[in-house]
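Enquirer: Sharing a structure here in structure tokens format.
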Amino acid sequence: MKTMYSIRVKNLTRTYRVQAREIHALQGVEAEIAKGSFVVLRGRSGSGKTTLLNCISGLDQPTSGEVWLNGKAISQYSERQRVELRRKTIGFIFQSQALLPLYSARENVDLMLRLAGWSYQQRRIRTEEVLSQVGLQQWLDHRPFEMSGGQQQRVSIARAVAAKPDILIADEPTGELDVATSRQILHLFHQITREFGTTLLVATHDPLVDDFADVIYHLQDGRINGEL
């Protein structure tokens, strides 16, 4: 049976010029990530993890090489197509949550659906559905400062999955959480990949993630240095 790949990366390089220096953030990275898998990028600060995530999501363009998402090469996408890609195909989860502080949980999720073009009725139903799925049905109208760090991260996850993206990208999603809360969040990630076939790509230093991952890539000096 042929493997379905959500993400393929071929000979990816990214070089930045800082004053007179060239910084080689990525150096010939190659990877194939199956649909519905939970994949971890591990490496020290400066190893290229965030740069790789940015190139895969279209936030940054590689110097050379190619990224395919669901079989489509994204190098020739216009900026408008890249914006649509991030609104409808990719969900983002950040260490800092990046929630709008004056918006309730409901409003934070609803905003992402508005940007993705959902109707009012669709947004109302979907917002309550995803917040219930992450265990926040009693917190719909609470704002971030009224919630714990773990609850805020659950809002961030609900917001990221609301538009039913094929791919979730998470950069240090448990970095500010305690061990117990981190495990709860990682169980939720695992559930999302298994129940909905969502591909999850996580850059992290957190060793707890290893217990949940299908594949772990080790990055060092802009190269994939091994796979577990």
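The values are calculated or read from the model by the stated rules, or taken from the named source; none is laboratory data. Remember, predicted model here, so these are calculated numbers, not experimental data. Here the Cβ is made from the backbone with ideal geometry for all residues, glycine too, and neighbour counts use every protein chain on show.
Enquirer: Inside the range 55-109, can you point out the residues that are hydrophobic (A, V, I, L, M, F, W, C), touching a Pro at 6+ places or on another chain (Cβ under 8 Å), crowded, with 19+ Cβ neighbours inside 10 Å and in a strand (DSSP E or B)?
Expert: Residues satisfying the conditions are ILE90, ILE93.
Enquirer: Taking THR50 as the residue in question, decide whether it is of a type in the set (Val, Ile, Thr), touching a Pro at 6+ places or on another chain (Cβ under 9 Å) and modelled with pLDDT under 95. Show your work before the answer.
Expert: Working: of a type in the set (Val, Ile, Thr): yes; touching a Pro at 6+ places or on another chain (Cβ under 9 Å): no; modelled with pLDDT under 95: yes.
Judged against the criteria, THR50 is not a match.
Enquirer: Quick check on GLN138: is it out of contact with any helix residue (DSSP H, G or I) (no Cβ under 8 Å at 6 or more places or on another chain), among the polar types (S, T, N, Q), under 22 Å from ARG87 (Cα atoms) and at pLDDT 90 or above? If you could, list the steps in order and put the result at the bottom.
Expert: Values: out of contact with any helix residue (DSSP H, G or I) (no Cβ under 8 Å at 6 or more places or on another chain): yes; among the polar types (S, T, N, Q): yes; under 22 Å from ARG87 (Cα atoms): no; at pLDDT 90 or above: yes.
Criteria not met by GLN138.
Enquirer: Let me ask something additional. Condition first: farther than 18 Å from PHE94 by Cβ and touching a residue at least 24 places away in the same chain (Cβ under 8 Å). Now tell me which residues in the range 118-135 satisfy that.
Expert: If we filter the range 118-135 for residues that are farther than 18 Å from PHE94 by Cβ, which is where we start, we get 118-129, 131-133, 135.
Residues satisfying the conditions are TRP118, ARG126, THR127, LEU131, GLN133.
Enquirer: So ILE74 ticks every box in (1) farther than 21 Å from LEU188 by Cα; (2) in contact with a strand residue (DSSP E or B) (Cβ under 6 Å, 6 or more places away or on another chain); (3) modelled with pLDDT under 90; (4) not polar (S, T, N, Q) but one. Which box is left unticked?
Expert: Only one criterion is unmet by ILE74, namely (3).
Enquirer: Among the residues of the range 197-221, write down those that are assigned to a helix (DSSP H, G or I) and surrounded by 15 or more Cβ atoms within 10 Å (Cβ to Cβ). I'd like the intermediate steps shown before the answer.
Expert: Initially, the range 197-221 is screened for residues assigned to a helix (DSSP H, G or I), giving 207-211.
Answer for the range 197-221, where residues must be assigned to a helix (DSSP H, G or I) and surrounded by 15 or more Cβ atoms within 10 Å (Cβ to Cβ): just VAL209.
Enquirer: Here is a check on your reading of the model: is GLU66 modelled with pLDDT of 90 or more, farther than 30 Å from MET147 by Cα and acidic (Asp, Glu)?
Expert: On the way: modelled with pLDDT of 90 or more: yes; farther than 30 Å from MET147 by Cα: yes; acidic (Asp, Glu): yes.
Judged against the criteria, GLU66 is a match.
Enquirer: It is to be established whether one or more residues within the range 152-175 are of a type outside the set (Lys, Arg), over 22 Å from LEU53 (Cβ atoms) and part of a helix (DSSP H, G or I). If you could, list the steps in order and put the result at the bottom.
Expert: Start the filter on the range 152-175 by keeping residues that are of a type outside the set (Lys, Arg), which leaves 152-153, 155-158, 160-163, 165-175.
Then drop every residue that is not over 22 Å from LEU53 (Cβ atoms), which leaves none.
Checked against the condition, which is being of a type outside the set (Lys, Arg), over 22 Å from LEU53 (Cβ atoms) and part of a helix (DSSP H, G or I), the range 152-175 yields no hits at all.
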